[in-house]
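See structure below.
The values are calculated or read from the model by the stated rules, or taken from the named source; none is laboratory data. All of these numbers come straight from a predicted model, not from anything done at the bench. Backbone-built Cβ (ideal geometry, glycine too); neighbour counts: all protein chains shown.
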Amino acid sequence: MTTPNRSSPDKVDHRRRIWPGVDFSGTPTWALTLAMALGVGAGVFVGATKGCSSAPEPPRIAERGYAGPAIGLAVGAPPQRFPGSPDIPGPHVVVIQAPSPGWEARLDQVRENFQRRDVFVTLTEPNPATMQPQVIVEQRVDSGVASSTPVSVYVRILKFGETRGEYVKAAESK
């Protein structure tokens, strides 16, 4: 690297400092700018196509009948109402009658369908290494869908530690 001439700062060639050990002194400035713009553009394109925020994969739905803990739908409490605001119906709530307290219920996603919403819930069986009392436990999962909108509830039942499985239609509102 050359020491710049302090008496004439106009003659300092900044292109030499871009990448240590590589001499860019003969390369025109427009070519370096274009190369950097293309590199940044390629990075943005790859990030956009691979996606940092990709949509969840569509759930796999089986045609067999539901065989698991009892599932039902209820209407949750409506949101707090302020004077002069319109009435907002409460959300659909998925009610699960689990056979023991070790079951875990989780809302996976809500998808729009033609004139209705599909609600996908995962039930995970208790850890077999722990002892659970055999008592029916009611669990409630808020769907976030207004009770004025029809819903279909799809449930998948997973063994403890599993992460994948097929959903089965378990309940629907009219």
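Which residues, counting only those in the range 143-170, are part of a strand (DSSP E or B) and touching a Gly at 6+ places or on another chain (Cβ under 6 Å)?
Answer for the range 143-170, where residues must be part of a strand (DSSP E or B) and touching a Gly at 6+ places or on another chain (Cβ under 6 Å): Arg156, Ile157, Leu158.
Kindly establish whether Thr130 is among the β-branched types (Val, Ile, Thr), surrounded by fewer than 14 Cβ atoms within 10 Å (Cβ to Cβ) and farther than 15 Å from Ala98 by Cα. It is true that Thr130 is among the β-branched types (Val, Ile, Thr), surrounded by fewer than 14 Cβ atoms within 10 Å (Cβ to Cβ) and farther than 15 Å from Ala98 by Cα.
The condition of being at pLDDT 90 or above, part of a strand (DSSP E or B) and over 16 Å from Ala170 (Cα atoms) does not hold for Val94. Going through the range 70-84 one residue at a time, which ones are in contact with an Asp or Glu (Cβ under 9 Å, 6 or more places away or on another chain) and assigned to a strand (DSSP E or B)? The one that is in contact with an Asp or Glu (Cβ under 9 Å, 6 or more places away or on another chain) and assigned to a strand (DSSP E or B): Leu73.
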